[in-house]
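In what follows, a single structure is set out as structure tokens and then discussed.
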Amino acid sequence: MSEISKLEQKLIIKRIDKETLTIQILDNNILSSIVGQFNENLKKLENLSKATLFFRGNLITAKGSPESISTVSEAIRFLINKFLLTNNIEKSDIILSVNKNLNTESSSNIQSFAQLIKTPRKSVIARSQKQSDYIKALRENDIVVALGPAGTGKSFLAVSVAVTLLMEKKVERVILSRPAVEAGEKLGFLPGDMKEKVDPYLRPLYDALYELFGFEKIDKKIESGEIEIAPLAFMRGRTLKNCFAILDEAQNATETQIKMFLTRIGENSKLVVNGDPSQVDLINKNHSGLIKSKSVLSKIEEIKIIEFDHKDVVRHPLVSKIIKAYQNKADDQS
């Protein structure tokens with residue numbers, strides 16, 4: 001019996017009337033994870049769903065409009081499924097459980113777990129349909145190009161899949177690369193060896209690695225050369241065999257540089273190009289090759305192109321609103 005099919009054994013849902021619903025959770029571990037410390041998860045769910053929630057024993061009672069209590073019911077189902085698969089419920093899952101029921105374009109609960117990524121420290125699930133498509137593309141396609149705003153999971157998910165394949169010995173190396181371009185600030189002379197000079201540009205990739213796999217394990221992989229983190233310029237002249245290579249922040253690479261990176265692909269390798277076209281840090285923004293490369297590569301059937309937008313942002317909810325506001329301003333000026 002699959003974990004998902006065990007859902008119905010874990011709860012009893014009763015509709016008392018149009019505006020009242022009771023949810024009895026039969027597993028205390030699941031119940032405590034859903035309720036959260038000092039009932040904080042339940043309070044968050046109450047606020048997001050616009051329903052009023054009462055909690056006593058193993059029973060949650062939801063009162064409100066038919067739509068709001070239905071949202072609570074589906075959110076609880078989603079959270080139980082998440083716990084059964086990952087043995088964990090995070091604060092962000094509470095937001096996701098409600099958003100999946102408010103956004104009709106989102107995938108169903110079960111589809112959300114179809115592209116589950118299990119890493120030593122946490123399990124990662126798709127938080128939008130685009131993310132699910134992206135994870136599937138990362139697993140099935142040799143070359144993937146992803147465009148979209150910050151916070152849509154482009155780098156995080158690519159790193160998750162890459163290092164998981166490394167741990168499963170399906171590839172021999174993971175290569176993480178970025179163009180060494182300052183984000184609007186002049187960093188000046190950087191002391192130290194080459195690694196120390198380029199590390200500030202690559203820090204977000206390190207952060208994702210450490211969050212998913214832990215400091216000790218990742219540092220050993222970096223020391224052994226199984227994980228290589230290097231600026232884009234270091235890719236020239238190489239052939240990448242038996243590896244998973246990611247070019248992050250590709251909006252700061254020229255069309256020639258992106259072409260150079262993609263043509264490094266060798267036997268049993270996967271290449272990913274990620275970038276946000278709205279955050280070009282090149283002195284001449286017209287030199288960015290990301291959009292140009294997208295139009296060229298879209299004609300190649302074997303290359304998968306994924307385009308995210310503000311609806312796919314999985315950071316703080318305000319991030320999506322900020323991105324949308326700036327996009328609306330740009331549209332008005334165009």
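The values are calculated or read from the model by the stated rules, or taken from the named source; none is laboratory data. All of these numbers come straight from a predicted model, not from anything done at the bench. Please note: Cβ atoms are built from the backbone with ideal geometry, for glycine as well, and neighbour counts cover all protein chains shown.
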Q.
Let me spell it out: the conditions are (1) under 25 Å from residue 208 (Cβ atoms); (2) surrounded by 14 or more Cβ atoms within 10 Å (Cβ to Cβ); (3) without any contact (Cβ under 8 Å) to a residue 40 or more places away in the chain, and residue 287 meets all of them except one. Which number is the exception?
A. (1)
**Q.** Hits in region 124-156 - residues which are over 10 Å from the mean Cα position of the chain (by Cα) and closer than 23 Å to residue 268 by Cα
**A.** 133, 136, 137, 138, 139, 140, 141, 142, 143, 144, 145, 146
Q: Just name the residue that is modelled with the lowest pLDDT out of those in region 118-148 that are in a helix (DSSP H, G or I) and of a type in the set (S, T, N, Q).
A: 129
Q. Which of (1) surrounded by fewer than 22 Cβ atoms within 10 Å (Cβ to Cβ); (2) among the aliphatic types (A, V, I, L, M); (3) closer than 16 Å to residue 145 by Cβ does residue 253 not meet, given it meets every other one?
A. (1)
(Q) It is to be established whether one or more residues within region 260-267 are under 26 Å from residue 117 (Cβ atoms), under 22 Å from the mean Cα position of the chain (by Cα) and of a type in the set (D, E, K, R). (A) no
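Go through region 196-236 residue by residue and tally those that are at positive phi and touching a helix residue (DSSP H, G or I) at 6+ places or on another chain (Cβ under 9 Å).
0
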Q. In the set 69, 76, 60, 34, which member is of a type outside the set (S, T, N, Q), in a strand (DSSP E or B), at pLDDT 90 or above and surrounded by 16 or more Cβ atoms within 10 Å (Cβ to Cβ)?
A. 60
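Would a scan of region 180-190 turn up a residue that is under 28 Å from residue 282 (Cα atoms), of a type in the set (Val, Ile, Thr) and modelled with pLDDT of 90 or more?
Within region 180-190 (the criterion being under 28 Å from residue 282 (Cα atoms), of a type in the set (Val, Ile, Thr) and modelled with pLDDT of 90 or more), the answer is no, since none of the residues qualifies.
Just a yes or no: is a residue in region 294-316 within 30 Å of residue 91 (Cα to Cα), assigned by TED's automatic domain parsing to the domain that holds residue 137, hydrophobic (A, V, I, L, M, F, W, C) and at pLDDT 90 or above?
Let us first name the residues in region 294-316 that are within 30 Å of residue 91 (Cα to Cα), namely 306-316.
Next, only the ones that are assigned by TED's automatic domain parsing to the domain that holds residue 137 stay: 306-316.
Subsequent filtering for residues that are hydrophobic (A, V, I, L, M, F, W, C) retains 306, 308, 313-314.
Among the residues that remain, those that are also at pLDDT 90 or above are: 306, 308.
Within region 294-316, one or more residues are within 30 Å of residue 91 (Cα to Cα), assigned by TED's automatic domain parsing to the domain that holds residue 137, hydrophobic (A, V, I, L, M, F, W, C) and at pLDDT 90 or above.
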